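Peer 1: Quick one: the structure is below, questions incoming.
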Amino acid sequence: MNFNIEIPHSIDELVLTLNKFKNKNYRIGAGCTDLLMELKNNSASNLTIINISQVDDFNFNNVKLSNGNVDIGANTTAFKICENENILENYKTLHEAALNLASAQIRQVATIGGNICTASPSGDLICALMALKAQLYIKNSLGENREISILDFYKGVRKTDLKHGEFLSHLSLNSNNKNAFKTKSGFIKIGTRKSMECSVVSLAYHIQIDKKGNIIETGLAFGASAPIVKYATRACDFLIGKKIDSLSKTEIDTFAKLVVEYASPIDDIRATAWYRKQVLFNISKSILEKNIEK
Amino acid sequence: MVKIKGTNKYKISFLLNQTKVEVIVKASAILLDVLREDLNLTGTKPGCNEGECGACTVLINGAAVNSCLYLAVNADGKEITTIEGLVNNESELDPIQNTLIENGAVQCGFCTSGMVMSIKSLQNYYISKNKSAKTKIAPTNQEIKKWLEGNLCRCTGYVKIIEAAEKLLTEKV
């Protein structure tokens, strides 16, 4: 493994570094837990790592409240996300996804931006952020900004909308609906082991319910069952307006079928495509069969 | 941190087991290799070299991190603690090490240094949490298991290790 390294210490320096390297072979590394593994296996020549872990910028490295929304800097570690009380209280799916990411040691350094931009089909945080319909904010090497919904960000296996010379600066989560009285929010990860395991199937859900028990907003995404993490729009739409406590068995089955329609899994070392679809169907049902939490 | 002119190397300095050290490392150097090869601290073990087994766990600013997946340049300016750093001036073992020994939680010993460092980080986490708490709390059995999820042991079956950690952390947080 051999590469050069650039270490910007501020966002401005990062922008300048990207400008300098925009026509060269570079990769951006934050926690580098995935990147180093990749480079240990396939070392590229003339590669420069733009090491952003030492960028000293509060908004880039932390979770903060902003006009009722929650902004999360791309360099925020999974550990900080686990520890954030606002996320635990209002976006439980993201809390649980972060808590189930790899191991305690990895969570100390792995960042949310790294998980988003690595674009793994089984990315745990991606899955939760899709269920929450996160908005991503991107900066380029000229310092210009643009934004994109995470639902439109993924273009294929490990391919994103991020262009050469751009980096993810932060993401934003909308506050929950003001009429939401309860939320049913969580993250289910199925694997052969609880820790350090790439999911066989993962499912993130965030369902908001009003005082009368009507479902008013729904977000649901699943991982490891398609080339990218998938958002199940039709399944989400199906639930809107229904009463959470009086869903029939047929309605729950229909909902789970609508989720599975988005799956196109493959057979691989971890599971067969058939198994993945079956598990996805069962865990989709399970979220509506459980009693409402919180 | 200073880049060495005309090379792909950096001079970094950090606090290692409470002593300031300076070392010249390649840009792509991994902390685990620097600790073992350049600084001769072989208590930190190379296991899987891919962040799975936790044998290489060290503390960075008090928190457990896999040194096999950590760029050495990022250690610059930080406080690194390895298993060697837990022994005090009188060469006494850390209470964590003694509790593991007393509870029969060590067999081949390869995972032990990483396991000890992870337990230490959990102890640090609870000590800091308890500073601002009205009543002292200790981690539950489930929390200990969760915290040690990144440390593999192929000998003990974990039971003795978890029991030892629980015994220690109930008293010393």
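Peer 1: Once you keep just the Cα pairs under 8 angstrom separated by 6 or more residues, what percentage relative contact order results for chain B?
Peer 2: About 22 percent, as a whole number.
Peer 1: Something else about it: Give me P(r) over the range A:151-294, computed from all C-alpha to C-alpha distances, binned every 5 Å, as integer percentages.
Peer 2: In whole percents, the pair-distance histogram is 2, 9, 17, 20, 18, 15, 11, 6, 2, 0, 0.
Peer 1: Additional query: Amide H of A:LYS155 versus every other amide H placed in the peptide plane: which residues, excluding those fewer than 5 positions away on the same chain, fall under 5 Å?
Peer 2: Counting only residues 5 or more places away or on other chains, the set is A:THR160, A:ASP161.
Peer 1: Provide, as a two-decimal number, the C-alpha radius of gyration of the range A:76-224 over 2.2 N^0.38 Å, N being how many residues it has.
Peer 2: Working: Rg = 15.4 Å, N = 149, 2.2 N^0.38 = 14.7 Å.
My calculation over the Cα atoms of the range A:76-224 gives 1.04.
Peer 1: Output ³J(HN,Hα) for the range B:20-27: one whole-Hz value per residue in order, computed from phi by the Karplus curve 6.51 cos²θ - 1.76 cosθ + 1.60 with θ = phi - 60°, and x for Gly and Pro.
Peer 2: Ordered by residue, 3J(HN,Hα) equals 6, 10, 10, 8, 9, 10, 5, 4 Hz.
Peer 1: Residue farthest toward the positive end of the dipole of the range A:4-50, with Cβ of Lys/Arg at +1 and Asp/Glu at -1: which of A:LEU39, A:LEU14, A:GLY29?
Peer 2: Final value for the positive-end residue is A:LEU39.
Peer 1: Still on this structure, please answer the following. Summing +1 for each Lys or Arg and -1 for each Asp or Glu, what net charge is found among the other residues whose Cβ lies under 13 Å from the Cβ of B:GLN107?
Peer 2: Overall, the nearby charge balance is +2.
Peer 1: Over chain A, what is the relative contact order in whole percent, taking alpha-carbon pairs under 8 Å and six or more residues apart? Numbers along the way, then the final one.
Peer 2: Working: 631 pairs, mean separation 43.8, N = 294.
Answer for chain A is 15 percent.
Peer 1: Here is a further query. Compute the semi-axes of the equivalent ellipsoid of the range A:4-50, taking the square root of 5 times each eigenvalue of the Cα gyration tensor, and list them largest first in whole Å.
Peer 2: In descending order, the three semi-axes are 20, 13, 6 Å.
Peer 1: Can you give me the Rg/Rh ratio for chain B, using Cα atoms for both radii and the Kirkwood formula for Rh?
Peer 2: Rg/Rh: 1.00.
Peer 1: A follow-up question, please. Taking 1 over the mean of 1/r across every pair of different Cα atoms in the range B:95-171, what Kirkwood radius in Å do you get?
Peer 2: 12.6 Å
Peer 1: Restricting to DSSP H runs of at least four residues, report the calculated mean residue ellipticity at 222 nm for the protein assembly as shown, -39500 (n - 2.57) per run over all residues, nearest 500 deg cm²/dmol.
Peer 2: Result for the protein assembly as shown: -9000 deg cm²/dmol, rounded to the nearest 500.
Peer 1: HN-Hα J couplings of the range A:208-224 from phi, Karplus 6.51/-1.76/1.60, θ = phi - 60°, integer Hz, Gly and Pro as x?
Peer 2: Values per residue, Gly and Pro as x: 9, 10, 8, 4, 8, x, 7, 6, 10, 8, 9, x, 8, 9, 9, x, 6 Hz.
Peer 1: Considering amide H positions built from the backbone, and no H for Pro or chain starts, which residues 5 or more places from A:ILE50, or on another chain, come under 5 Å of its amide H?
Peer 2: A:GLU6, A:ARG27, A:ILE28, A:GLY29
Peer 1: Just the accessible area per residue of chain B, please: how many Å² with a 1.4 Å probe? Don't skip to the answer; put the middle values down first.
Peer 2: On the way: 8230 Å² over 173 residues.
With all protein chains present, chain B gives 48 Å² per residue.
Peer 1: Now a separate question. Tally the DSSP beta bridges in the protein assembly as shown and give the antiparallel ones as a percent, rounded to 5.
Peer 2: Roughly 85 percent of the DSSP beta bridges within the protein assembly as shown come out antiparallel.
Peer 1: May I have the count of lysine pairs in the range B:1-140 with C-alpha atoms under 21 Å apart, counting pairs 8 or more residues apart or located on different chains?
Peer 2: The number of close lysine pairs in the range B:1-140 is 20.
Peer 1: Below 14 Å, Cα to Cα, which aspartates and glutamates can B:LYS167 reach? Residues fewer than 8 away in the same chain don't count.
Peer 2: Answer for B:LYS167, where 14 Å is the Cα cut-off: B:GLU102, B:GLU143, listed by chain and number.
Peer 1: For the range A:26-68 and the range A:250-269, what is the separation of their C-alpha centers, rounded to whole Å?
Peer 2: Measuring centre to centre over Cα atoms gives 34 Å.
Peer 1: Shifting gears a bit: Let me know the charge dipole size of the range B:43-98 about its Cα centre in debye, to the nearest 20, where only the beta-carbon of Lys, Arg (+1) and Asp, Glu (-1) is charged. Please list the in-between numbers first.
Peer 2: Numbers: 2 positive and 8 negative charges, 31 e Å.
The dipole magnitude comes to about 140 debye.
Peer 1: Given a cut-off of 32 Å, what percent of all Cα-Cα pairs of the protein assembly as shown lie beyond it? Intermediate values should be presented prior to the final figure.
Peer 2: Values: 46931 of 108811 pairs.
For the protein assembly as shown, the share of Cα pairs beyond 32 Å comes to 43 percent.
Peer 1: Over the Cα atoms of the range B:2-86, compute the convex hull volume and normalise it per residue, giving Å³.
Peer 2: 77 Å³
Peer 1: With only Lys, Arg, Asp and Glu charged, each at its Cβ (+1 for the first two, -1 for the last two), find how big the charge dipole of chain B is about the Cα centre; round to the nearest 20 debye.
Peer 2: Details: 20 positive and 18 negative charges, 110 e Å.
So the dipole magnitude of chain B works out to roughly 520 debye.
Peer 1: What share of all Cα pairs of the range A:1-148, in percent, falls into each consecutive 5 Å distance bin?
Peer 2: 2, 9, 18, 23, 20, 15, 9, 3, 1, 0
Peer 1: Which value, in debye to the nearest 20, describes the size of the charge dipole of the range B:2-86 about its Cα centre when Lys and Arg Cβ atoms bear +1, Asp and Glu Cβ atoms bear -1, and nothing else is charged?
Peer 2: With Lys and Arg at +1 and Asp and Glu at -1, about 380 debye.
Peer 1: Debye calculation, C-alpha points only, no solvent: report log10 I(q)/I(0) for the range A:143-193 at q = 0.13, 0.18, 0.19, 0.23 Å⁻¹, in the same order as the q values.
Peer 2: -0.59, -0.89, -0.92, -1.01
The values are calculated or read from the model by the stated rules, or taken from the named source; none is laboratory data. Keep in mind that this is a model prediction, so the values were computed, not measured. Note that we place each Cβ from the backbone using ideal geometry, even for glycine, and neighbour counts take in every protein chain shown. Ligands, DNA and RNA are stripped out before the accessible areas are found, and what is left, the full protein with its side chains, is counted by its heavy atoms. Shrake-Rupley method; radii C 1.70, N 1.55, O 1.52, S 1.80 Å.
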